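Presented below is the structure to which this report refers.
The values are calculated or read from the model by the stated rules, or taken from the named source; none is laboratory data. These figures come from a predicted structure and were not determined experimentally. Glycine gets a Cβ as well: all are built from the backbone with ideal geometry, and neighbour counts include every protein chain shown.
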Amino acid sequence: MFISFEGTEGVGKTTLIQRIYAYLEQQNHQIVLTREPGGTVMAEQIRSLLLSVNHQEQMSHDTELLLMYAARAQHLAQVIEPALRQGQTVLCDRFTDASFAYQCAGRGLNPEKLALLNESFVSRMPHLTFWLDAPIEIGMNRARERGALDRFEQEKLSFFEKVRLGYETLWQKHPERIKRLDATQIPDQVFSEALQYLNFN
Ligand code: TMP
């Protein structure tokens, strides 16, 4: 089983992933917990490049998209594919839906570019995706409390509103895979809502 977790900043992905990890571990699942961009040494280096703020040179939107996919290709080859082949469960903090939400809906890139990259480089999609949804203000306050803001977190609220709409579009298009969780609830409630969708029988 390959499960991804999506949402705008500060919606509580990390907390939910940890809860699900603990729950599955108790049931003797072998689990790989990973994230995008990142998840391998090289992909984490690409992540640093993507998240760091560079005042001398602005990253073009195309470069951002391609770096996301370079990291993803490495991650799929090194971590996701081998784990799934061995029958392990993969919990992945973000995957291709984030590229649609951030690079297409947020930055305004043509979705055809993304479709081409997905067709060429994404060997498989998650079986299940949790979209944690909450008003942008709530999440941004949580992100600010965490400390220094990365290159994405420094974007305006209007950018994240577009990202959120991007996720909504995906959710409406793929209701069988993407499950919306109300992330304004307390973590216990978000977790029990998520449990309803975990069926390993
Ligand atoms: P994180 O905050 O969930 O660790 O993710 C890092 C940032 O990368 C987050 O702001 C969303 C962004 N991102 C994209 O823009 N496109 C992508 O494809 C992925 C995986 C992440």
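Results, tabulated for the structure shown:
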{"quantity": "Search result, residues across segment 97-145 that are among the acidic types (Asp, Glu), surrounded by fewer than 16 Cβ atoms within 10 Å (Cβ to Cβ) and in contact with a helix residue (DSSP H, G or I) (Cβ under 8 Å, 6 or more places away or on another chain)", "calculated": "Glu137"}
{"quantity": "Of the criteria (1) buried (at least 19 other Cβ atoms within 10 Å of the Cβ); (2) among the hydroxyl-bearing types (Ser, Thr, Tyr); (3) in a loop (DSSP other than H, G, I, E, B), which one Thr184 fails", "calculated": "(1)"}
{"quantity": "Helices (runs of 4 or more DSSP H) wholly inside segment 41-123 containing at least 3 residues that are within 14 Å of the ligand (Cβ to nearest atom)", "calculated": "41-51, 61-75, 111-121"}
{"quantity": "Residue in segment 12-27 that is farther than 28 Å from Gln185 by Cβ and either away from the ligand (no atom under 13 Å from the Cβ) or among the acidic types (Asp, Glu) (or both) present", "calculated": "no"}
{"quantity": "Selection from segment 1-25 of residues that are within 15 Å of the chain's Cα centre (by Cα) and in a helix (DSSP H, G or I)", "calculated": "Lys13, Thr14, Thr15, Leu16, Ile17, Gln18"}
{"quantity": "Hits in segment 28-40 - residues which are at pLDDT 95 or above and either among the polar types (S, T, N, Q) or within 14 Å of the ligand (Cβ to nearest atom) (or both)", "calculated": "Gln30, Leu33, Thr34, Arg35, Glu36, Pro37, Gly38, Gly39, Thr40"}
{"quantity": "Filter pass, Glu161 being in contact (Cβ under 8 Å) with a residue 24 or more places away in the chain, assigned to a helix (DSSP H, G or I) and surrounded by fewer than 18 Cβ atoms within 10 Å (Cβ to Cβ)", "calculated": "yes"}
{"quantity": "Which numbered condition Gln154 fails, given (1) in contact (Cβ under 8 Å) with a residue 40 or more places away in the chain; (2) in a loop (DSSP other than H, G, I, E, B); (3) surrounded by 13 or more Cβ atoms within 10 Å (Cβ to Cβ)", "calculated": "(3)"}
{"quantity": "Residue check, Arg94 under 21 Å from Val163 (Cβ atoms) and crowded, with 21+ Cβ neighbours inside 10 Å", "calculated": "yes"}
{"quantity": "Failed item in (1) more than 21 Å from Glu36 (Cβ to Cβ); (2) part of a helix (DSSP H, G or I), with Leu170 passing the rest", "calculated": "(1)"}
